[in-house]
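Just so you know, all these numbers are worked out from the coordinates, no wet-lab data involved. Being a predicted model, the structure only gives us computed values, none of them experimental. Counting neighbours? That spans all protein chains shown, and the Cβs are built from the backbone with ideal geometry, glycine included.
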Amino acid sequence: MFEIVRIENFSPSTFLWEVRAPEIAHAARPGQFVIVRCDEKAERIPLTIADFDVVSGTVTVVIQAAGKSTFDMKAYKALDQISDVAGPLGEPSEIENFGTVVLVGGGLGVAPVFPILRALKLKGCRTISIIGFRSKSLVFWEGRFREYSDETIIVTDDGTYGEKGLVTQPLKQIITEREINRVIAIGPLVMMKAAAEVTRPAGVRTIVSVNPIMVDGTGMCGSCRVSLGGEVKFACIDGPDMDGHLVNFDELLIRQKRFSKYEKKSLELYEKKCQKK
Amino acid sequence: MPKKVIVRQSSAHLPPETRRTNFEEVVCGYSEAEALTEAGRCLQCKTPVCITGCPVKINIKQFINFISKKDYKGAYKTITEANLFPSICGRVCPQERQCEASCVLGKKQEPVAIGLLERFVGDRAQQNDWHETHPVEPIDKKAAIIGSGPAGLACAYDLAKAGVTVVVFEALHRPGGVLIYGIPEFRLPKEVVFKEIENLRGLGVTIETNRVIGKIHTIEELMTRLSFDVVFIGAGAGYPKNPGIKGDSLNGVMSANEFLTRVTLMHGADFPKYGTPVGIGKNIAVIGCGNTAIDSARTAMRLGPDNVYIVYRRTLEESPARKEEIRHAREEGVRFIWQTVPVELLPDDEGWVKGMDCIQRKVDETGLHIDSKFFLYADTVIYALGTMANPIISRTTPELKIDKTGYIETSEDNLMTSIPGIFAGGDITRSTGTFTTVIHAMSTGRRAAKGMLEYLKAGQ
C-alpha cells in the first residue's frame, strides 16, 4: 500500500497527489512515469511524474478528473492509502547542457515539464518556459517555474492572466527571433502537435512526451504503440519522450479514442450513482 | 474370452453452451473413483518411456502406482520431487506431446491420462495442505528473483527450500506472471495459482509486487546496494510481435497479451464494476493458432460476440496448440480459417478496423499453389503471433550478453549469464529451446536454482 501524504487542488477538476514511495523517488528521473492502481477494482493509470523528492521519499503526480477512474481518485483524502504504484517507468528525459531550451507546458502538462526544467537548469541550460492554461483560475506552479526559468511566459486561452492566446504563439516568436537549441513540449496531443509544427520549419529538435493508453507499462501489451517516423515504438519503454517531428499525432489522436465509448458509459453510471447519493 | 479393455476415463466437462457464457473451469477433473480406474490402466512398464517424454522427468510410473494404492500423499511427494506445481501443470501441460505421447498403452488404445491424474494429485494436495512447510535452516545468503512467472516461482521454491533468503520482484500488481495475466480462468483458475504462491510465502519467500527491475533497481543495484548474493532473471518474453501489415495501428487491433491482460488480470469482463474495459466488437478475428491464440479466441467467445475466427497460415496438423484446446474452442463455436494470412486491415471512416483482406493458399495434389483472396469482416483483430524478448533489463544492464534477437545468453550447464552470480531462465532466454511452455520454464528455474546453489557454495 502507498500513502497519499498530500493533496493539493488546483481547480475543481485538477489536483495533485504526493505519494510516499521512497524507492520510486530514489530511482525516478525527469520524464519518467508511474502506473497507479488505486484499489482492487481500479484500472492501471499511467501518470507522468511531476516531481520526486529523495529526502521526503515521495513522488508527485497531477491528475485531471475526466473519467470515472479519475473522478474516483478525486474522492481520496490525504493520508488515504492506494494499492499500487509501479515505477519509475519509461526512459528518462535527456538532460544535458543543450544551450538555450524552450520548455512548453499546456494545461496539466505543465506539471511534468517542471522536473525537466529543473534538471536542465541545474545542468546549465538557459531556460525559457512557456506555460499555458485555459484560464487564470487554473494556473499553478508559476513560482516554481519562475525559480528555474530565465524567462517565464504565461498564456491563458481567455486572456484572464498573462498573454491571451495559445502557447504556440510565443513559441513561434521565440523560434523566429532567437537561436534555440531544443524545445520540450508537454500537454494535450493537439498542443504538442501544434508545437512540433511550429518548430519543424526551423529544424529545432523538439521533444514531446506522449501518454497513450497503457495496461502494464512494461512493453508487454503494445497498447501504447506510437508510429515514430514510420516505425512502431512503445511509449512505455521507448518513450514517453519522443521526437515531436517524427510522431504520427493523427494516429495517436484516433488511438486515444479506443475506449471512449466505454469511458462514457462508465462515467454516466458513475454520475447516476452520485446523484442517488 | 478377450480381456476386458478399460477405456481411458474422461473427466467431466462443462457443456459448451453453458461455458460459453462464463469463465468457470471447463475441465472438471477426476473424482477419486475415476482417478483409481484410470490409474489402474497404467501398465507399470519395466522401462517407463512416459518419463522420457516429461520435460522435468516426473516419476510417472511411481506416482500412478501410489494413486492405485490410494496413497495420494505419496503420489504428491513423488511428483513434487520433479515438479513443484502439479495442480498447475496437470492443467496446462501439452501432455499429448509429452508424457502421454510416449505412453506404451497409446500404441493400441488411448494413453493413460497422466495429466488428469497429476491434476487430481495436485488438487488433493491443495485441499489438504500437503505442501512443504517445515522450517528451513537459513544459510545467510540472499537471492533476488526477477519475475514471478513459472520460471521464477520454481527457482524461488528450490532456493527457499535450501535455506536461501528469497525476494521475488514482480512488475505487475499481482504475482504469477503468465499464469495470472495470460492463461484464462476457465483453463487455470487463479485460485489454484494463489494457493501455490501462498505456499511459497509459507516457505519464507517475500514477493514484492510493482517492482520493474531495470527501472526501480538495476541488476547492479541488486548486487550492491541491496546486497543480494545471486540473481535470477525470469522476466519473460513480454514483447508482442505484430505482422507489420497496413492497418496494424487501427483501433480495434490489439495484441493477445493486451486482450488477455485486460480480461484475465484486470477483470475486463466485469467492466464497469472493474475499471478496465476490454473494448472488443462483435466479429473477432484472432491471428495465429498457438495456445495463446486459442486462449484469446475462447476468452473472446465468452464476451458475447457474433463470430470468433482463428485465422492461421498453416493447417490444423501444424498448429502448435494443444489438440484438446482446439477441440474445446470448436465446441464453443470458434471457427477456424486455415492456410490464410491477412494482408491488409481496412479502416472505417473513424479509424476503426472493419475487416481484413486475406489470402488463402492451398496446395493441390500436383503441388500447385492455389491462392484465393477474400475479405473477412472483423471489427476486432487480435494478434497472437508470439512474443519477442522484453528489452527493459538488457537496456539497463549493458554488461549482460544478449543474442541478436535480444534474448539473454546463458551457459548450458548452470544457466548463468555473462555476469557472475546472475542467472536467467524461462522465456527471456533460449534455454527452453523452442518450447515456451509453463513446464519448460519451470524446469529452467529449477536448473538455475541448482546452479545458483552451487555458485553460492563455491563462493564461501
DSSP H segments from chain B that extend 20 Å or more along their own axis, Cα-based, with Kyte-Doolittle mean of -1.0 or above: B:114-128, B:438-458
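What is the sum of charges, Lys and Arg at +1 and Asp and Glu at -1, for the other residues whose Cβ falls under 14 Å from the Cβ of B:THR224?
-2
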C-alpha long axis of helix A:110-122 to longest principal axis of chain A, angle in °: 50 degrees
Whole-number percent relative contact order across chain B, with pairs defined as alpha carbons under 8 Å at least 6 apart: 15 percent
For segment B:358-367, 3J(HN,Hα) per residue [Karplus equation, 6.51 cos²θ - 1.76 cosθ + 1.60, θ = phi - 60°, Hz, x = Gly/Pro]: 10, 10, 9, 10, 10, 10, 7, 5, 8, x
Residues with amide H under 5 Å from that of B:TYR383, placed H, sequence gap 5 or more: B:MET254, B:SER255, B:ALA256, B:ILE287
Helix A:168-177 vs. chain A, principal-axis angle (Cα, 0 to 90°, nearest 10): 30 degrees
Under 5 Å, built H, 5+ apart or other chain: amide partners of B:GLY355: B:LEU346, B:ALA378
Built amide H within the under 5 Å cut-off of B:PHE423, gap 5+: B:VAL231, B:PHE232, B:ILE233, B:THR417
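Taking the Cα centre of chain B as origin and charging only Cβ (+1 Lys, Arg; -1 Asp, Glu), how large is the dipole, in debye to the nearest 20?
1080 debye
Can you list the chymotrypsin sites (Phe, Trp or Tyr not before Pro) in segment B:33-101 that are in a DSSP coil and have 14 or fewer other beta carbons within 10 angstrom? Before the final figure, lay out the partial values.
Details: sites: B:PHE63, B:PHE66, B:TYR72, B:TYR76; in loops: none.
Listed in order of number, the matching sites amount to none.
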Partners for B:LYS404 among lysines (Cα-Cα distance below 24 Å; same-chain residues under 8 apart left out): A:LYS233, B:LYS215, B:LYS241
Spin-label pair B:GLU132/A:LEU79, simplified geometry with 7 Å Cα→Cβ offset, distance in nm: 4.5 nm
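Which entries in the list A:LYS123/A:LYS172; A:LYS74/A:LYS172; A:LYS77/A:LYS136 go over 28 Å, if you measure between the two C-alpha atoms of each? Each step should come with its number before you reach the end.
Numbers: A:LYS123/A:LYS172 25 Å; A:LYS74/A:LYS172 36 Å; A:LYS77/A:LYS136 25 Å.
Distance filter (> 28 Å) returns A:LYS74/A:LYS172.
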Whole-Å distance, taken between Cα centres, linking segment B:171-206 and segment A:17-72: 26 Å
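For segment A:93-209, what is the relative contact order in percent, using Cα pairs closer than 8 Å and at least 6 residues apart in sequence?
Numbers: 237 pairs, mean separation 33.0, N = 117.
It comes to 28 percent, rounded to a whole number.
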Residues B:THR21, B:THR299, sorted so that the one with the fewest Cβ neighbours within 10 Å comes first: B:THR21, B:THR299
Residue-wise HN-Hα coupling along segment A:26-34, computed from phi with Karplus coefficients 6.51, -1.76, 1.60 (Hz; x: Gly, Pro): 5, 8, 5, 10, x, x, 8, 9, 10
Estimated 222 nm signal from helices in the protein assembly as shown, with DSSP H stretches of n ≥ 4 weighted -39500 (n - 2.57), rounded to 500: -8500 deg cm²/dmol
Cα long-axis angle, helix A:189-199 against chain A (0 to 90 degrees, to the nearest 10): 10 degrees
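Sort B:ASP140, B:ASP357, A:ASP238 so the one with the fewest other Cβ atoms within 10 Å of its own Cβ comes first. Spell out each step's value before the answer.
Details: B:ASP140 10, B:ASP357 17, A:ASP238 21.
Going from sparsest to densest Cβ surroundings: B:ASP140, B:ASP357, A:ASP238.
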Exposure proxy order (Cβ contacts within 10 Å, fewest to most) of B:VAL205, A:VAL54, A:VAL36, B:VAL286: A:VAL54, B:VAL205, A:VAL36, B:VAL286
Relative contact order [Cα under 8 Å, 6+ residues apart], segment B:253-383, whole percent: 26 percent
Computed FRET value (nearest 0.05) for B:LYS282 with B:LYS241, which takes r as the C-beta separation and R₀ as 25 Å: 0.45
Gain in span if fully extended, B:ASP371 to B:GLU318, counting 0.36 nm per residue against the direct Cα distance: 17.2 nm
Global geometry of segment B:1-59, whether rounded, prolate or oblate, following the gyration tensor of its Cα atoms and the 1.5 cut on a/c: oblate
Rounded if a/c under 1.5, otherwise prolate or oblate - chain A, Cα gyration tensor axes: rounded
Candidate aspartates and glutamates - alpha carbon under 16 Å from A:LYS265, same-chain residues fewer than 8 apart omitted: A:GLU43, A:ASP72, B:ASP270
17 Å Cα-Cα reach of B:LYS161 towards lysines, excluding residues that sit fewer than 8 places from it in its own chain: B:LYS77, B:LYS141, B:LYS142, B:LYS450, B:LYS457
Centre separation in Å (Cα based) which lies between segment B:304-336 and segment B:395-460: 34 Å
Global form of the protein assembly as shown, assessed from the alpha-carbon gyration tensor, a/c cut-off 1.5: prolate
